[in-house]
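So the structure is just underneath, and the comments pick up after that.
The values are calculated or read from the model by the stated rules, or taken from the named source; none is laboratory data. Computed from a prediction, not measured in an experiment: that's the story for all the values here. As a convention, Cβ positions derive from the backbone with ideal geometry for all residues, glycine included, and neighbour counts pool all protein chains shown. Ligands, DNA and RNA are stripped out before the accessible areas are found, and what is left, the full protein with its side chains, is counted by its heavy atoms. Shrake-Rupley method; radii C 1.70, N 1.55, O 1.52, S 1.80 Å.
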Amino acid sequence: MSPDRIAAIAAGVFLLVALSVFFFGKKRAAPTEAVAAGDSAEVTVVVEGGYSPDVIRAHVGRPLRLVFDRRDASPCTDEVVFPDFGVRRALAAHAKTVVEIRPERPGEFTFSCGMNMLHGRIQVSP
């Protein structure tokens with residue numbers, strides 16, 4: 001094998017590893033605390049190829065108002081599903097949609113797009 005061929009193979013392996021880590025590696029998300037707004041708490045979640053923030057902290061018994069700001073028209077982001085709360089809501093493209101839930105017990109509750117490709121979670125404390 002020539003040195004050029006060895007270099008090309010090494011570069012290809014490096015790129016494959018880098019792409020695998022980027023797309024499939026564990027991502028660290030900084031939880032966002034819900035901001036008090038009267039008797040409830042509110043968080044704006046930007047929907048643009050994913051959810052930002054994708055980890056939200058809330059408290060038991062306090063209504064949580066999530067404002068989904070959908071900034072793209074991808075079919076994957078056209079709805080959000082909260083299976084633990086029985087909520088499925090359509091998200092209009094380039095618009096804001098409000099989803100209100102009330103966590104009644106502590107724990108971690110997930111939400112996702114309708115295709116279950118984009119994910120987020122709500123961490124509820126007592």
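Taking 109, 68, 14 as the candidate residues, the one with maximal mean-square fluctuation in a Gaussian network model of the chain, Cα springs under 10 Å, is 14.
FRET efficiency for the pair residue 13 and residue 117, taken as 1/(1 + (r/R0)^6) with r the Cβ-Cβ distance and R0 = 30 Å, rounds to 0.60.
Nearest 20 debye, what's the magnitude of the dipole of the chain about its Cα centre given +1 on Lys and Arg Cβ and -1 on Asp and Glu Cβ?
180 debye
First check a/c for the chain, with a ≥ b ≥ c the square roots of the eigenvalues of its C-alpha gyration tensor; if it is under 1.5, answer rounded, and if not, answer prolate when a/b is larger than b/c or oblate otherwise. Prolate. In percent, rounded to a whole number, the relative contact order of the chain is 23, using alpha-carbon pairs under 8 Å and six or more apart. What a 1.4 Å probe finds exposed on the chain is 58% carbon and sulfur by accessible area, rounded to a whole percent. Taking every protein chain into account, the accessible area of the chain amounts to 63 square angstrom per residue (probe 1.4 Å).
Distances over 19 Å make up what percent of all Cα-Cα pairs in segment 73-126? Kindly include the intermediate steps, with their values, before the conclusion.
Working: 416 of 1431 pairs.
Looking at segment 73-126, the distances longer than 19 Å represent 29 percent of pairs.
Once the Cβ-Cβ distance of residue 42 and residue 21 is raised to the sixth power relative to R0 = 30 Å, the FRET efficiency obtained is 0.30. Remark on residue 91: its backbone amide H falls under 5 Å from those of 79, 80, a criterion applied only to residues 5 or more positions apart or on other chains, H modelled at 1.01 Å from N.
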